[in-house]
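Each value in this text was obtained by applying a stated rule to the coordinates, not by laboratory testing. All figures in this text were calculated on a predicted structure; none of them were measured in a lab. Counting neighbours? That spans all protein chains shown, and the Cβs are built from the backbone with ideal geometry, glycine included.
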Amino acid sequence: MRQIHLAIVGLGNVGRRLLELIELKRETLRARYDREFVIVGVCDSTGGAADAAGLQIAKILELKRAKRGLASYFPDARAETPPCDWARTVAADLLVELTPTNLKDGEPGLSVIRDALARKIPVVTANKGPLVLAYPELAALARANRVPLLHSATVTGGLPTLNIGARDLGVATIERVEGVVNGTTNYILSRMAQGQTYTEALKHAQDIGMAEADPTLDVDGWDAASKLVIIANAVLHRPTTLKDVTVEGIRKITPDDLRAAEEHRQTIKLIARAERVGRNYNLSVKPTWLDKTHPLARLGAGMMGIIYETDINGTIFASIEEEDPYPTAAAVLRDLVQCATMGA
Ligand SMILES: NC(=O)c1ccc[n+]([C@@H]2O[C@H](COP(=O)([O-])OP(=O)(O)OC[C@H]3O[C@@H](n4cnc5c(N)ncnc54)[C@H](OP(=O)(O)O)[C@@H]3O)[C@@H](O)[C@H]2O)c1
C-alpha cells in the first residue's frame, strides 16, 4: 500500500470535514485504491504543525473543536509564518489549499498554490479566489511543471459540475450552460417565494449560518459570477475573468415580483448562464423568470443545479442538495484520490 503525504493549508468547515472523511474512508481507500493518506502538515491562521511521521487527526480535530489554533499542536510550536513559507518547509506529496475565498488579490491561497506548483507539488483546492483571478497563469504553471491542479469543489461544492463539463463533455460543443450555482441566493429566493421579504429571508439564512454577516458576494451575484468564470476557463476553454461577466444580484427582487411570476406559473432564480455566440460565449448572472416546469425552477432551498446543452451529448441536468460542507469535502477527497492514483 502506498502512503501519500498531505499538507493542508486552511482547516475550517471544509478542511475539518475532509479530515473526518479521510478517517471514515480509510478502509475504502486501502481496498479500492491501495492508498493511505497521511497528514504531515496542517496550518490555519495561527500557524502550522508538521511531522513527517504523521500528525494525529483526532488531536487536530480536538484542537479545532476547542477553538485552539494549530500552532498549539506541539508545545514548542514555531511562531506564525505566512502559509506559503510554512508549506515550503513541509515534505508533502500533495498540497490541499482550503483558505477563504478572496476575490481582491486571491491571498493567501494564490501564493500557496503558485509556490507549490512551481515546486512540482500537485495541488487540490476548493478556493475560487486564485482561479477566478489567475486561472490561465495557474493552469499554464501546472502544465509546465507537469503536475495536476484539481479544483472540482470550487464550483457548486459536491455537485460535479466541472467534472461533467471538462471530462464527460470533453468532445462536445457546449451550446449553453445554465445553473443555479449559489446556494444562499437560492435559499433566499425560495423563502421569498413562500411569502418572506428579502430582509426576513436574508436574516434567516444568516441565522442558520448559510449566509455570511456580509452577504455581498452572494446576494450581489459575485459568487455565482466567480463560478461562471471558472466554468468558462475549465470547461469552455475561454480565458475569462470577472470583467467578462454581466452581473446583477437579487437585492432588488421583491415578494411582489415573485407573486407576479407565480401568477404566470413561473418563478425567479439567480441564473448563471454561458450562451455560445460563434466562437465565444456571452456570460451573465441575473435574476431570471423560469417556467415552473424548468428543471432549475424546481430546485428547492438548499439545492444547486446545472444544465449543459451540447451538440452531441444531448442535454444534461444535474443537481445536489447540500446542507452542510461534507459533499464539498468529499469532492476534495475525490480530487485527492485522482491525484494519488494518476499513472497507477
Ligand atoms: N463551506 C463550503 O461549503 C464551501 C463550498 C465550496 C467551496 N468552499 C471554499 O472552500 C474554502 C474553505 O472554505 P471553509 O468554509 O472551510 O472556510 P473557513 O471555515 O473560513 O476556513 C478557512 C480556513 O483557512 C484558515 N486561514 C485563514 N486565513 C489564513 C492564513 N492567512 N493562513 C493560514 N490559514 C488561514 C482559517 O484559519 P482559522 O481556523 O485559524 O480561522 C480556517 O482554518 C473557501 O475558499 C470556500 O470558498 C467552501
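A few points about this structure:
- Sorted ascending by nearby beta carbons within 10 Å, beginning with the fewest, Arg26, Arg146 become Arg146, Arg26.
- Magnitude of the charge dipole for the chain, about its Cα centre and with charges confined to Cβ atoms of Lys, Arg (+1) and Asp, Glu (-1), is about 660 debye.
- Divided by 2.2 N^0.38 Å, where N counts the residues, the Cα radius of gyration of segment 207-344 comes to 1.19.
- Neighbour-count order for Val123, Val155, fewest beta carbons within 10 angstrom listed first: Val123, Val155
- Ratio Rg/Rh, restricted to the chain and using Cα atoms, in which Rh is the Kirkwood radius: 0.98
- Packing-based exposure ordering (other Cβ within 10 Å, fewest first) of Cys43, Cys84: Cys84, Cys43
- Farthest toward positive dipole pole in the chain [+1 Lys/Arg, -1 Asp/Glu at C-beta], among Pro255, Tyr281, Ile113: Ile113
- At an R0 of 30 angstrom, the distance between the Cβ atoms of Tyr33 and Ala144 translates into a FRET efficiency of 0.60.
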